[in-house]
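Computed from the coordinates by the stated procedures, all read-outs in this text should not be read as laboratory data. All of these numbers come straight from a predicted model, not from anything done at the bench. Note that each Cβ is placed from the backbone with ideal geometry, even for glycine, and that neighbours are counted across all protein chains shown.
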Amino acid sequence: MNLQSVFLKHVCVASWLVMSVVAPLQAKEAALLAEDPVVEKRLVHISEELRCLVCQNESLASSRAELANDLREEVRKLIREDRSDSQIKEYLVTRYGDFVLYRPEVKPLTWVLWFGPFLLMVLGLIGMVYYLRQRQTEQANKSVLSDEDRRKVQEILKSGDAP
């Protein structure tokens, strides 16, 4: 064995030892579930219907963001205060707006969320039909050569002379 391979082997062993000591220090302890399984079950049910304000495309139940943890604690506290599911959602909507609901209610304030994509699609289709018809009309209105003009073009092409 040469000196280089021995050195490389010692570096590998040393890095393995360092990682085996450092990695467990970075591990976090699992979050404790609520003491009451009924509270935890309600929390999961409610938080599946709420949106994580950080992730935005995840439910509160599946998000691991710090704010999501804080909101789940808030929901636990409200459950322990014997509030109903609708009261909890009302409280969160009052505090954070309709955006906190994963499926916002259909009301005038949220019509844009519910119907906006369809309206944009219909407007796009109308615009495309209008554009295609206008283009078709323009092509039909292009000036067509008269018989006299065709004869002149044929003469020029046959003679090879430029006008």
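Here is how the numbers come out for the structure above:
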| item | result |
| --- | --- |
| For segment 37-105: relative contact order, % (alpha-carbon pairs under 8 angstrom, 6 or more apart) | 34 |
| Charge dipole (debye, nearest 20) of the chain; +1 at Cβ of Lys and Arg, -1 at Cβ of Asp and Glu | 460 |
| On Cα atoms only, tilt of 147-159 relative to the major axis of the chain in degrees | 90 |
| Charge-dipole axis of the chain as Lys and Arg at +1 and Asp and Glu at -1 on Cβ define it, positive-most pick from L113, Q56, V6 | V6 |
| Folded to 0 to 90 degrees: helix 3-26 orientation relative to the chain principal axis, Cα | 70 |
| Per-bin percent of Cα-Cα distances, the chain [5 Å] | 1, 7, 9, 9, 8, 6, 5, 5, 5, 5, 5, 5, 5, 4, 4, 4, 3, 5, 3, 1, 0 |
| Orphan Cys of the chain, criterion: no other Cys C-beta under 4.7 Å | C12 |
| Principal-axis tilt of helix 37-47 within the chain, Cα atoms, nearest 10 degrees | 20 |
| Electrostatic dipole magnitude of segment 37-105 [Cβ: Lys, Arg +1; Asp, Glu -1; Cα centre; debye, to 20] | 120 |
| Placed amide H near R51: partners under 5 Å, 5+ positions off or other chain | L60, L101, Y102 |
